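Just below is one structure, and these are the notes that go with it.
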Amino acid sequence: MFEKISLAGEWHFTFEDGSQTRLPVPGCFDVSDKYRFRRGKGCYSRTVSGSGMMELACDGLGLRAEIFWDGNKIYSETTAYTPFNVRFDAGRAGDHELKIICDNTVEETPASEFRSFYDFYGFGGIYREITLRRLPETFFDSVRVLPDMETGCIGLQVTLGGKEQPVTVWIDHKVCGKMPGSGSQSFPVASPRVWSPEEPELHCLRLECGDDVYECRFGFRKIELLNGQFYLNGKALKLAGVNRHDVFPDTGAAVTREQLYNDLKMIKDAGFNIIRGSHYPQSQLMLDFADELGLLVWDEILGWENPIDSLTDPEFQNRQRNALTRMIQKSINHPCIIMWGFLNEAATNDAAARDCVAKLYRTAKELDPSRPVSFASMFGEKDLCLDLTDVVCFNTYPGWYSGTHTFFEPAAVTEQLEKLASFVRSTPELAEKPVIISEIGAASLIGDHSKRRWSEEFHAQLVECAVDYTLSHQELGGIILWQFCNSPVADNVRIMMRPRGYNNKGLVDEYRRPKMVWQLFPGILKKYFPR
Ligand code: ADA
């Protein structure tokens, strides 16, 4: 009874116009036949049994929600894609009504974390895992695993909720000691193996306390930033990856297990070593697959081109800090994550943004001093916050948004990359930081072989040039292409330059059909990552 019960399945659904139907959870109501592209409040409801103190946990819904238990509000969520836990008194034993009202209208205020100008579709629904469980007398509130490559030990930081009791520690299916209760303690791992993209070796941890059990996997690996480069396990690591939106045309943000696995497998087999989870926290399922496949992840909170009136708004700052805290606390034990991020392309060219960036940076570092923290800037040398984080990350679209040329011109790309790298290297407060090209790309439409803009050839030429330049220049730490697959755009004016309502910069299209540019991989990467 203390196990988590999945609430996946068919729920009753009532839209704000009074119409009713049944819809799947996880799912997005605005991809269903009846409510496609509709915006409004949709109420998911079902009967569940329970009693006493319970915990409802969800890995992400959108765009925001209010949750009711037997008609009483127990929680409000303002941030899409972000994990949350609600602990509440479920009352007497028996059946109860659980109602989750998901609102996919855009809140157009400075505090809002999803605005109408965003360049991706904001789905409505309960689109990630949702579970419910009875809380035992003692339960695991938080567990942090700190693997130490040098000693082969793990540090455990355990916080119990409820009554303090001893904790039994199992590593790799063997009991290896006890803790008296909440606190920190170190345990040796019998045969420690190193986790790396080449050999993603995972260990298993199981903690037992009273009637509660906590299980996770962990990996021994070490990330360092030295001489302007990433180092993984003592070796310099050049990053080569893709940005990925967690979306599929028929299911929206409720990507299935198979779709997710296939995406990550395609990315791994193409020879990439990192995925930037643009532009919101990744699901636990995604991180589990990345741990297993040996794909590095940059995990970031929701945000997109947030203007200065948001960055200086106390409520926006609170929401962002809260979302960052929840993302880090939930995902901290995944070895695949090598960097935390926030504020994609926000107004960091304004000095007034420094306070928000500094606060978010501090929040991430306090929770997790072991990982680099950064944001992706679109302002190049005009950015005024680059000194505030660990890694300098530039989103740049030379040869695509710049210039009016019809055919691809390599100089447009190489000159910009050279300019950005030499700007960082010649700026004393940045010179020691790695520089990552966190977005670069072009758009193409499958079947266009005109060799002009929008053609598969133009796209492939631009990506080949950018990858070759970045990977062959020591002063650049890596490249993360925009983007793995085409992604649906929001209903805003940007649709004028987004044919078919998609951001068509995917290396594969929205159904993962490869474009010509995809054929460059893994060949082009093998030159730089010989096995
Ligand atoms: C930005 C942004 C992406 C996408 C991209 C583009 O860099 O971060 O989300 O909108 O531009 O395609 O223009």
### Task
Report whether or not residue 275 is out of contact with any Ser or Thr (no Cβ under 6 Å at 6 or more places or on another chain), touching a residue at least 40 places away in the same chain (Cβ under 8 Å) and within 16 Å of the ligand (Cβ to nearest atom).
yes
### Query
Which condition number in (1) touching a strand residue (DSSP E or B) at 6+ places or on another chain (Cβ under 6 Å); (2) in a loop (DSSP other than H, G, I, E, B) is the one that residue 127 fails?
(1)
### Query
If you go through the stretch 391-422, how many residues are within 13 Å of the ligand (Cβ to nearest atom), within 16 Å of residue 436 (Cβ to Cβ) and out of contact with any helix residue (DSSP H, G or I) (no Cβ under 8 Å at 6 or more places or on another chain)?
3
### Task
Determine which member of the set 457, 464 is closer than 30 Å to residue 431 by Cβ, of a type outside the set (Lys, Arg) and part of a helix (DSSP H, G or I).
464
### Task
Identify all residues within the stretch 369-390 that are touching a strand residue (DSSP E or B) at 6+ places or on another chain (Cβ under 7 Å) and within 16 Å of the ligand (Cβ to nearest atom); write none if there are none.
374, 375, 376, 377, 378, 380, 383
### Query
What pairs come up if the first residue lies in the stretch 422-447 and is over 17 Å from residue 390 (Cα atoms), the second is away from the ligand (no atom under 16 Å from the Cβ) and open to solvent by 30 Å² or more (accessible area, probe 1.4 Å), and their beta carbons are under 7 Å apart, counting only those six or more places apart or on different chains?
446/513
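For the stretch 514-531, name all the residues that are touching a helix residue (DSSP H, G or I) at 6+ places or on another chain (Cβ under 6 Å), open to solvent by less than 60 Å² (accessible area, probe 1.4 Å) and of a type in the set (A, V, I, L, M). Break it down stepwise before answering.
Start the filter on the stretch 514-531 by keeping residues that are touching a helix residue (DSSP H, G or I) at 6+ places or on another chain (Cβ under 6 Å), which leaves 515-517, 520, 524, 528.
Still in the list and also open to solvent by less than 60 Å² (accessible area, probe 1.4 Å): 515, 517, 520, 524.
517, 520, 524 - these are the residues of the stretch 514-531 that are touching a helix residue (DSSP H, G or I) at 6+ places or on another chain (Cβ under 6 Å), open to solvent by less than 60 Å² (accessible area, probe 1.4 Å) and of a type in the set (A, V, I, L, M).
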#### Entry: Number of the condition not met by residue 432 [criteria: (1) open to solvent by 40 Å² or more (accessible area, probe 1.4 Å); (2) within 16 Å of the ligand (Cβ to nearest atom)]
(2)
### Message
Can you pull out every residue in the stretch 278-302 that is among the small types (Gly, Ala, Ser) and within 16 Å of the ligand (Cβ to nearest atom)?
### Response
278
### Message
So residue 120 passes all but one of these: (1) in a loop (DSSP other than H, G, I, E, B); (2) exposed (fewer than 15 other Cβ atoms within 10 Å of the Cβ). Which condition number does it fail?
### Response
(2)
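Looking at 240, 254, which is the one that is part of a loop (DSSP other than H, G, I, E, B), among the small types (Gly, Ala, Ser) and open to solvent by less than 50 Å² (accessible area, probe 1.4 Å)?
Details: 240 fails: part of a loop (DSSP other than H, G, I, E, B).
254 is the lone residue from the list that is part of a loop (DSSP other than H, G, I, E, B), among the small types (Gly, Ala, Ser) and open to solvent by less than 50 Å² (accessible area, probe 1.4 Å).
In the stretch 435-454, how many residues are of a type in the set (Ser, Thr, Tyr) and either within 16 Å of the ligand (Cβ to nearest atom) or outside any loop (DSSP other than H, G, I, E, B) (or both)? Please lay out each step first, then the result.
So in the stretch 435-454, the residues of a type in the set (Ser, Thr, Tyr) come out as 438, 444, 450.
Narrowing further to those that are either within 16 Å of the ligand (Cβ to nearest atom) or outside any loop (DSSP other than H, G, I, E, B) (or both): 438, 444.
Selection size over the stretch 435-454: 2.
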### Message
Of everything in the stretch 260-292, what is open to solvent by 30 Å² or more (accessible area, probe 1.4 Å) and either in the same structural domain as residue 129 (by TED's automatic domain parsing) or among the aliphatic types (A, V, I, L, M) (or both)? Give them in sequence order.
### Response
266, 285
### Residue that is modelled with the highest pLDDT [pool: residues in the stretch 374-402 that are open to solvent by 50 Å² or more (accessible area, probe 1.4 Å) and more than 30 Å from residue 362 (Cα to Cα)]
401
### Task
Please verify whether the stretch 54-72 includes one or more residues that are surrounded by fewer than 16 Cβ atoms within 10 Å (Cβ to Cβ) and either in the same structural domain as residue 246 (by TED's automatic domain parsing) or part of a strand (DSSP E or B) (or both).
yes
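The values are calculated or read from the model by the stated rules, or taken from the named source; none is laboratory data. Quick caveat: nothing in here was measured; it's all calculated off a predicted structure. Backbone-built Cβ (ideal geometry, glycine too); neighbour counts: all protein chains shown. Accessible surface is based on the protein model in full, side chains and every heavy atom, while ligands, DNA and RNA are left aside. Shrake-Rupley method; radii C 1.70, N 1.55, O 1.52, S 1.80 Å.
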